[in-house]
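This report concerns only the one structure given below.
The values are calculated or read from the model by the stated rules, or taken from the named source; none is laboratory data. Everything quoted here is computed from the prediction, not taken from an experiment. Virtual Cβ from ideal backbone geometry, glycine too; neighbours counted across all protein chains shown.
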Amino acid sequence: MTKGAQSGTHGEKQIAMRIATLELLHAARGRYALGAFNVCNLEQFHGLFRGAAAARAPIIVQFTRVMRDYAHPLMLDQLLRGAEIIYPEVTFAVHHDHGDEASCAEAIASGHYSSVMIDASHLSFEQNIAVTRRVVVRAHQQGIAVEAELGQLKGVEDETPVETEVALLTEPAQAEEFVGRTGCDSLAVAIGTSHGAYKFSGNQRLHLEVLAEIQRRLAGFPLVLHGGSAVPPNEVERIRRAGGGIAPSASGVSEAELSQAIALGVAKVNVATDGRLIWTRVHREFFRDRPGEFDFMQPGRTYINEFAKLVAHKCELLGAAGRTPALTTAKLSPSGGVNNEARTALSASPQPPHDKHADKTLRTPLESTR
Ligand code: 13P
């Protein structure tokens, strides 16, 4: 696998298009946002690519340091390679999410990523700049883009004093200085959301006024929203009914707020928790209703289908649905050329086994998850 764009058609057959993250971000900026999905198992790869194909939406596939440790980088690369060949209609970029300096260096050297995120937001402003700058220099030498983070992505409680809450957010003037001094290519901003299922404990919401000021100072610069999961109440309720201990107070980012954030310069929205909630609900309900079963493929199929629906729905919501054809057409060479590696892989690869179940449940138009 190589960095940057590689794509095309092979006779009538289209080859999957792997595009550089920065190229996707710049095409999206100000118009829509890309869904950036954290995946690391077989079912998630199928669900992600089927959902993206159904929505005809470009996506960012991302692996964290923890996921690379869990699955093994080689396993992730090969699963992705398989998905690329099985779902040739999907346009995507590959990103290393939440890296430290060492894992970014490893990802950059691997040649499998077109962008990395250096997460040094826990350090002081000056230290964050120093670490981020080192990663930027290393990454740019290889033509790889860098996402950095400024501010703290921490859940905010009702009792959190206002001054503490404000201190956690990205300070717009600092954001401008940070981007100028580090040379990073996109910036993850802290505007009140957090990772996981408990983003807000009461009536707090995203600080869109902070985002608006950052956008004013960094007009046209791609901003990233981490903690983009919606944590739908019906998923929480179903998990609880099936024996799960997730608290009823679990909550996420509303659909309306996401749309407003995109209008204010957010070009990439990270989603992990919503996919995990669906995994939990599907498996809890399956084994509750069929206590005698021990076949992982049965709930696995349901999960693929449900995850695909989630991905398609998110892409729709972010305005990314239907954007693939424009990107693909722009990338094709006048001769309809295709890179040699993709051509070889396609012709050498066996067709995926015919899955009757998939035909029935996954190739049909996808309904909304809610
Ligand atoms: P969620 O926990 O809201 O899905 O956010 C994931 C994320 O930001 C990964 O970087």
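Of the helices (runs of 4 or more DSSP H) lying entirely inside segment 25-86, those carrying at least 1 residues that are within 16 Å of the ligand (Cβ to nearest atom), over 14 Å from the mean Cα position of the chain (by Cα) and crowded, with 18+ Cβ neighbours inside 10 Å are 65-71, 73-86.
Kindly check whether there is at least one residue in segment 272-283 that is in contact with a Phe, Trp or Tyr (Cβ under 7 Å, 6 or more places away or on another chain), closer than 27 Å to Ala148 by Cα and among the small types (Gly, Ala, Ser). Lay out the reasoning, then the answer.
Of the residues in segment 272-283, the ones in contact with a Phe, Trp or Tyr (Cβ under 7 Å, 6 or more places away or on another chain) are 275, 278-279, 282.
This time we only want the ones that are closer than 27 Å to Ala148 by Cα, so: 275.
With the extra rule that they be among the small types (Gly, Ala, Ser), the set shrinks to 275.
Within segment 272-283 (the criterion being in contact with a Phe, Trp or Tyr (Cβ under 7 Å, 6 or more places away or on another chain), closer than 27 Å to Ala148 by Cα and among the small types (Gly, Ala, Ser)), the answer is yes, since at least one residue qualifies.
Between Ala312, Ala320, Ala242, the distinction of being surrounded by fewer than 19 Cβ atoms within 10 Å (Cβ to Cβ) and over 21 Å from Leu153 (Cα atoms) belongs to Ala242 only. Here Gly275 meets the list (1) among the small types (Gly, Ala, Ser); (2) surrounded by fewer than 21 Cβ atoms within 10 Å (Cβ to Cβ); (3) within 16 Å of the ligand (Cβ to nearest atom) almost entirely, failing just condition (2). Is it the case that Thr344 is at pLDDT below 95 and of a type in the set (Val, Ile, Thr)? Here the answer is yes, as Thr344 does meet what is asked. Between His96, His122, the distinction of being within 15 Å of the ligand (Cβ to nearest atom), surrounded by fewer than 17 Cβ atoms within 10 Å (Cβ to Cβ) and not aliphatic (A, V, I, L, M) belongs to His122 only. Scanning segment 109-138 for residues that are of a type in the set (Ser, Thr, Tyr), closer than 12 Å to Phe178 by Cα and in a helix (DSSP H, G or I) returns a single hit, Thr132.
Among residues that are under 23 Å from Ala57 (Cβ atoms) and not charged (D, E, K, R), Val271 is included. Apart from one condition, Glu147 fits all of (1) surrounded by 18 or more Cβ atoms within 10 Å (Cβ to Cβ); (2) within 13 Å of the ligand (Cβ to nearest atom); (3) more than 23 Å from Gly183 (Cβ to Cβ); the exception is (3). I'd like the full set of residues that are over 14 Å from the mean Cα position of the chain (by Cα) and part of a loop (DSSP other than H, G, I, E, B), limited to segment 311-326. If the condition is that a residue be over 14 Å from the mean Cα position of the chain (by Cα) and part of a loop (DSSP other than H, G, I, E, B), then Gly319, Ala321, Gly322, Arg323 are the ones that fit. Number of residues in segment 281-299 that are crowded, with 18+ Cβ neighbours inside 10 Å and either among the small types (Gly, Ala, Ser) or within 16 Å of the ligand (Cβ to nearest atom) (or both) equals 1. Residues satisfying the criterion are absent from segment 177-188 (criterion: surrounded by fewer than 18 Cβ atoms within 10 Å (Cβ to Cβ) and at pLDDT below 95).
If a residue has to be part of a helix (DSSP H, G or I) and under 17 Å from the mean Cα position of the chain (by Cα) to count, how many in segment 262-278 make the cut?
Kept after step one, since they are part of a helix (DSSP H, G or I), are these residues of segment 262-278: 262-263, 273-278.
Within this subset, residues satisfying the condition of being under 17 Å from the mean Cα position of the chain (by Cα) are 262, 273-278.
Counting residues in segment 262-278 that are part of a helix (DSSP H, G or I) and under 17 Å from the mean Cα position of the chain (by Cα) gives 7.
The condition of being of a type in the set (A, V, I, L, M, F, W, C), over 25 Å from Gly196 (Cβ atoms) and modelled with pLDDT under 95 holds for only one of Ala55, Ala83, Ala5, Ala105, that being Ala5.
Residue check: Ile304 meets all listed conditions (1) in contact with a Lys or Arg (Cβ under 8 Å, 6 or more places away or on another chain); (2) closer than 30 Å to His207 by Cβ; (3) surrounded by 19 or more Cβ atoms within 10 Å (Cβ to Cβ); (4) at pLDDT 95 or above but one, namely (2). Listed by first and then second residue, the pairs linking a residue in segment 264-275 that is closer than 16 Å to Thr193 by Cα to a residue that is near the ligand (Cβ under 6 Å from one of its atoms) and part of a loop (DSSP other than H, G, I, E, B), with Cβ atoms under 6 Å apart and 6 or more places separating them unless they lie on different chains, are Val269/Gly228; Asn270/His226; Asn270/Gly228; Val271/Gly228; Val271/Ser229; Thr273/Gly196; Thr273/Ser229; Asp274/Ser229.
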